[in-house]
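Undergrad: Before anything else, here's the structure in question.
Bear in mind that the values in this text are calculations on the coordinates, not laboratory data. None of the values given here were measured: they were computed from a predicted structure. Note that we place each Cβ from the backbone using ideal geometry, even for glycine, and neighbour counts take in every protein chain shown.
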Amino acid sequence: MTQNSKLKVRHLQFLECDGIGEDRGFHFKKKRRRDAPKVKDQSELPMPEELFLKYGNSPKQYANSGKRDSNILREALIRNGVDPEKGPGNILEFGCANARVLRWFCDWAYHGEAWGVDLNSPMVFWCHQNLSPPFHFAVSTTAPNLFFEDRFFSLVFCMSIFTHIDDLYLSWLAELRRVTKPGGFVYITVHDENTHRIQAEQNAPNLAKRTETTAYQEFLEQDSDFCSCGRDWKSLISFRREYLVDVLSSFFEVVEVVEGAMAGSQTAFLLRRL
């Protein structure tokens, strides 16, 4: 697909899913966005019930985890010149699930287009029904090719997504750079050697899964740059920080490195497209 044939997201028709289920199927109906009341903050948005993933076992825990992760991102952006009232402009959460973090940017969503994309179609359809407006959503694929036009977003953020991308992490970095405008920000969280230290102290279950593999043992013992435990979307990926900074510098300016930024153990990189 050429650059000129990319869909312009502001011209897309916004749709709502009216039924989800393995046997029921689903259909779409037009959604009258102009008639919807303006949502002032995330407390006015509904909470998912059965789709909590691993981020808490109650609505309160789920909400608090999203608030914590969003605040760390928000504070890093404000430190680097983003208007605290209006935000950066157009926003994309890459790998949004059911918008655990994106929902905390209601105040910024009305100063630009705020999008979430994810592989998990039931979660995306739930977001269509319940969180739009103020947000927009689309189902993505594992292929590093988003349907957005070049340089559309001022902020792209990925919470614990590059912790699961193995072969195509370089291609996805290039794709995220493509959809980010010059001067815009990209924010990713990863597993690195600091993650290993924190999770070892916490005796975290995810660390146990990795340490049982030969690949991760060799990653630790041989001072390797990259490790993939598993070979599908559930892969657990680890980077050597020095290596990752070098890789990221080929695509972006590395603005900040924030430790403990996601789930208390992942390391975040705030990047700027030059």
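Undergrad: Any residue in the stretch 245-274 that is closer than 15 Å to SER70 by Cβ and in contact (Cβ under 8 Å) with a residue 60 or more places away in the chain sitting within a Cβ distance under 7 Å of a residue that is surrounded by fewer than 22 Cβ atoms within 10 Å (Cβ to Cβ) and among the charged types (D, E, K, R)? List the pairs, counting only those 6 or more apart or interchain.
TA: If the second residue must be surrounded by fewer than 22 Cβ atoms within 10 Å (Cβ to Cβ) and among the charged types (D, E, K, R), the pairs left are LEU270/GLU256.
Undergrad: So for the stretch 233-241 (the condition being more than 15 Å from the chain's Cα centre (by Cα) and surrounded by fewer than 15 Cβ atoms within 10 Å (Cβ to Cβ)), does at least one residue qualify?
TA: Yes: the stretch 233-241 contains one or more residues that are more than 15 Å from the chain's Cα centre (by Cα) and surrounded by fewer than 15 Cβ atoms within 10 Å (Cβ to Cβ).
Undergrad: If a residue has to be surrounded by fewer than 19 Cβ atoms within 10 Å (Cβ to Cβ) and aromatic (Phe, Trp, Tyr) to count, how many in the stretch 95-141 make the cut?
TA: 1
Undergrad: Just to be sure, is ARG177 closer than 26 Å to GLY264 by Cβ and in contact with a Phe, Trp or Tyr (Cβ under 8 Å, 6 or more places away or on another chain)? Even if it seems obvious, please write down each step before you answer.
TA: On the way: closer than 26 Å to GLY264 by Cβ: no; in contact with a Phe, Trp or Tyr (Cβ under 8 Å, 6 or more places away or on another chain): yes.
Here the answer is no, as ARG177 does not meet what is asked.
Undergrad: Restricting to the stretch 51-74, give me the number of residues that are closer than 19 Å to ALA261 by Cα, of a type outside the set (Phe, Trp, Tyr) and surrounded by 13 or more Cβ atoms within 10 Å (Cβ to Cβ).
TA: The qualifying residues number 13.
Undergrad: Another question, then. With touching a strand residue (DSSP E or B) at 6+ places or on another chain (Cβ under 8 Å), in a loop (DSSP other than H, G, I, E, B) and touching a residue at least 24 places away in the same chain (Cβ under 8 Å) as the only criterion, which of PRO134, PRO144 stands out?
TA: So the residue among PRO134, PRO144 that is touching a strand residue (DSSP E or B) at 6+ places or on another chain (Cβ under 8 Å), in a loop (DSSP other than H, G, I, E, B) and touching a residue at least 24 places away in the same chain (Cβ under 8 Å) is PRO134.
Undergrad: Got a number for residues in the stretch 244-274 being touching a strand residue (DSSP E or B) at 6+ places or on another chain (Cβ under 7 Å) and either of a type outside the set (A, V, I, L, M) or on the phi > 0 side of the Ramachandran plot (or both)?
TA: 9
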